[in-house]
1. Applying the selection to region 52-87, what residues are in contact with a strand residue (DSSP E or B) (Cβ under 8 Å, 6 or more places away or on another chain), within 24 Å of residue 101 (Cα to Cα), touching a residue at least 40 places away in the same chain (Cβ under 8 Å) and assigned to a loop (DSSP other than H, G, I, E, B)?
2. Which condition number in (1) out of contact with any helix residue (DSSP H, G or I) (no Cβ under 8 Å at 6 or more places or on another chain); (2) assigned to a loop (DSSP other than H, G, I, E, B) is the one that residue 165 fails?
3. Criterion first (within 14 Å of residue 161 (Cα to Cα), out of contact with any strand residue (DSSP E or B) (no Cβ under 9 Å at 6 or more places or on another chain) and either at pLDDT 95 or above or outside any helix (DSSP H, G or I) (or both)) does residue 141 satisfy it?
4. Of 135, 91, which residue is in a strand (DSSP E or B) and on the phi < 0 side of the Ramachandran plot?
């Protein structure tokens, strides 16, 4: 009984990390939606071109998926991949996908350009907060492609078309690079 009380007391003092589902493993689930309020809305990405960032991201295709990792020698989760790519250019970004909720400027999908970030929900359709993300690599009148690290069939860093599955999970596109405004 003392053990149960100690566990309950400890649980009330710390945040419990829920076990993520298949693709939700790509989300840092220790961050709550309320935590995103303190996240800076700006990322300083003026010193590199979006094309350079996309080109570098594409060199990581094939790195396996690994929940909670930002290490290309071991694998990436979705936000770990984003963090690693931006940090390569000395650009600080949030570590978890949900922390990107209030970052950058939301833009219509049809106006997205390479380097813009695309945000999705996790796989649980009852939860409508950000749980997955990628980098737009192309967007034309026919198709939008994005690069991301997925725990799905591709299992790792891959390029994916914005298909019906991802459209059903789409939250928004955010612009990080002011250069993409012109």
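1. If the condition is that a residue be in contact with a strand residue (DSSP E or B) (Cβ under 8 Å, 6 or more places away or on another chain), within 24 Å of residue 101 (Cα to Cα), touching a residue at least 40 places away in the same chain (Cβ under 8 Å) and assigned to a loop (DSSP other than H, G, I, E, B), then 77 is the only one that fits.
2. (2)
3. Values: within 14 Å of residue 161 (Cα to Cα): yes; out of contact with any strand residue (DSSP E or B) (no Cβ under 9 Å at 6 or more places or on another chain): yes; either at pLDDT 95 or above or outside any helix (DSSP H, G or I) (or both): yes.
Answer is yes for this residue.
4. Values: 91 fails: in a strand (DSSP E or B).
Just a single option satisfies the conditions, and that option is 135.
The values are calculated or read from the model by the stated rules, or taken from the named source; none is laboratory data. Values in this document were obtained by computation on a predicted structure and should not be read as measured data. Positions of Cβ are generated from backbone atoms using ideal geometry, with glycine treated the same way; all protein chains shown enter the neighbour counts.
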